[in-house]
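Beneath this line is the structure, given in structure tokens, with notes to follow.
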Amino acid sequence: MTQWRGEQRTLSGIDLDLPPREVVALVGPSGAGKSSLLRLLNRLDDPTEGTVAYRGRPITEIPIRELRRRVGFVFQASVMLAGTVAANLAVARRLAPSGLTPRSAPDDSTALALAGLEPAFAGRDSADLSGGEKQRVGIARALACAPEVLLLDEPTSALDPEAADRLMTTVRELVANGGLSVVMVTHRLAEAREASTFTVVLEGGRVVETGPTATLFTAPREARTREYLVGRGEARATR
């Protein structure tokens, strides 16, 4: 799979299977293609060449609103609509195609609880939320449509370390308790090591290495992976 933006090739030769019901981290240096790859997974962008498939089906065959209900996206800076948190959750549900939001979709209190927020948050004005609170509401808003996959684009980049740790704990719990699949872009390798179960290393728009996080961080196979981890002070062992 390849993607061009104008005359710039952002992804090249991507051939990748992402495991379900795990936390997958996409890591690599700036400009590696992490966010570009993430955006292909629910058709915010399309590849120039090749196909993205979900459960064996090309995603171009899935109606776009159905796809984005099933594969939710939380941006690096969650944009809140005017009004209360409850109003933001209601808009997400209204945008889901009729009949495609499962009856098991969580109510507001449950969606907020899954994102680590108290039920009383439903009445908060979105304009008064902190950065960390907006990110959690963004996750709750995506969860309100009962997605099968949650895509997170650097969800902790604007958060302090304590808020980032709480958010990553929430992400791990969503996968462990709810069977959700998560794919996240992160520039914090310590976060990838601690929160993810599977890691994809990209560089220059290409996949360098993939594998279980614990193995990749302690015994990477590829020299470029080892160099990247050592350069970031994250390699615990090399060979």
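Where a number appears in this text, it was derived from the coordinates with a stated rule and is not lab data. Note that the structure is predicted; figures quoted are calculated from it, not measured. Positions of Cβ are backbone-derived with ideal geometry, glycine not excepted, and every protein chain shown enters the neighbour counts.
Which whole-number percent gives the relative contact order of the chain, counting Cα pairs below 8 Å spaced six or more residues apart?
On the way: 431 pairs, mean separation 65.6, N = 239.
Reported as a whole number, the value is 27 percent.
Taking amide H as placed 1.01 Å from N in the peptide plane, the amide H of A96 sits under 5 Å from none that are at least 5 places away or on another chain.
For a protection proxy built on the mean count of beta-carbon atoms within 10 angstrom, sort 111-124, 165-178 highest first, please. Don't skip to the end; give the middle numbers.
Values: 111-124: 18.2, 165-178: 16.4.
Final packing ranking: 111-124, 165-178.
Could you check what % of the DSSP bridge pairs in the chain are antiparallel, to the nearest 5? Please report the intermediate quantities before stating the final value.
Details: 13 of 30 bridges.
Counting only bridges with both partners in the chain, antiparallel ones make up about 45 percent.
Taking the C-alpha atoms only, the angle from helix 85-95 to the longest principal axis of the chain is near 80 degrees. Here V208, V85 are placed in order of increasing Cβ neighbour count within 10 Å, fewest first, which gives V208, V85.
Suppose a student asked you for the relative contact order of segment 117-208, using Cα pairs under 8 Å spaced at least 6 residues apart; what percent would you report?
On the way: 63 pairs, mean separation 23.9, N = 92.
Across segment 117-208, relative contact order equals 26 percent.
Taking amide H as placed 1.01 Å from N in the peptide plane, G83 has its amide H under 5 Å from the amide H of S126, A127, each at least 5 places away in sequence or on another chain. Taking other Cβ atoms within 10 Å as a rough exposure proxy, V71, V91 sort from fewest to most as V91, V71.
Among K134, K34, rank each residue by its count of other Cβ atoms within 10 Å, from fewest to most, as a rough exposure measure.
Working: K134 18, K34 25.
Lowest count first: K134, K34.
Dividing the helix sum by the residues of the chain, where each DSSP H run of 4 or more adds -39500 (n - 2.57), gives a mean residue ellipticity at 222 nm of -10000 deg cm²/dmol. Using alpha-carbon positions, what is the distance between the centroids of segment 51-80 and segment 166-198, in Å? A separation of 19 Å, based on Cα centres.
Taking amide H as placed 1.01 Å from N in the peptide plane, V208 has its amide H under 5 Å from the amide H of V201, L202, E203, each at least 5 places away in sequence or on another chain.
Sort segment 29-135 into rounded, prolate or oblate with this rule: let a ≥ b ≥ c be the square roots of the eigenvalues of the Cα gyration tensor; rounded if a/c is under 1.5, and if a/c is not under 1.5, prolate when a/b is larger than b/c, oblate otherwise. Oblate, since a/c reaches 1.5 and b/c is not below a/b.
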